[in-house]
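The values are calculated or read from the model by the stated rules, or taken from the named source; none is laboratory data. Nothing here was measured: the structure is a model prediction, and the numbers come from that model. Please note that ligands, DNA and RNA were not included when accessible areas were found on the heavy atoms of the full protein model with its side chains. Shrake-Rupley method; radii C 1.70, N 1.55, O 1.52, S 1.80 Å.
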Amino acid sequence: MNLQKTELAVILLLLLSTMAIGLVYLASTNSSFLRSAKAGHDGSITVEGILLHKDITYTGKHVLMTVKTIDGPVAVFVPAASDSYTVASKAEPGCNLIITGKEQEYNGKPEIVASALAIR
């Protein structure tokens, strides 16, 4: 199959335009690991879910929680120095929480570092 220069140019333009459309789509979608997360203007996300489990760390007295969202279980880290620490320490398994924070990876797994927390 021998292609002329104009045919090769058309094929190349089609491939490049398809790649450009794909990049625009990826850039415009929510980059959160949680599809249901609402993105804030400051790069934070907000999720809602039911508290499944809560632990306190031995070293820093931080709160570690597992929250069930519609996307599945999510790890939440609440630093002891955070404004949301008081609410997190009062939360009991089964209560409905609204969590706002930044996404990060810890030991290769995604988690939310809570900056605001409310019991609903």
TODO: Considering only the stretch 80-104, state which residues are of a type outside the set (D, E, K, R), part of a loop (DSSP other than H, G, I, E, B), closer than 18 Å to Ser115 by Cα and open to solvent by 30 Å² or more (accessible area, probe 1.4 Å).
DONE: Ala80, Ala81
TODO: Kindly establish whether Ile21 is open to solvent by 30 Å² or more (accessible area, probe 1.4 Å), over 13 Å from the mean Cα position of the chain (by Cα) and at pLDDT 85 or above.
DONE: no
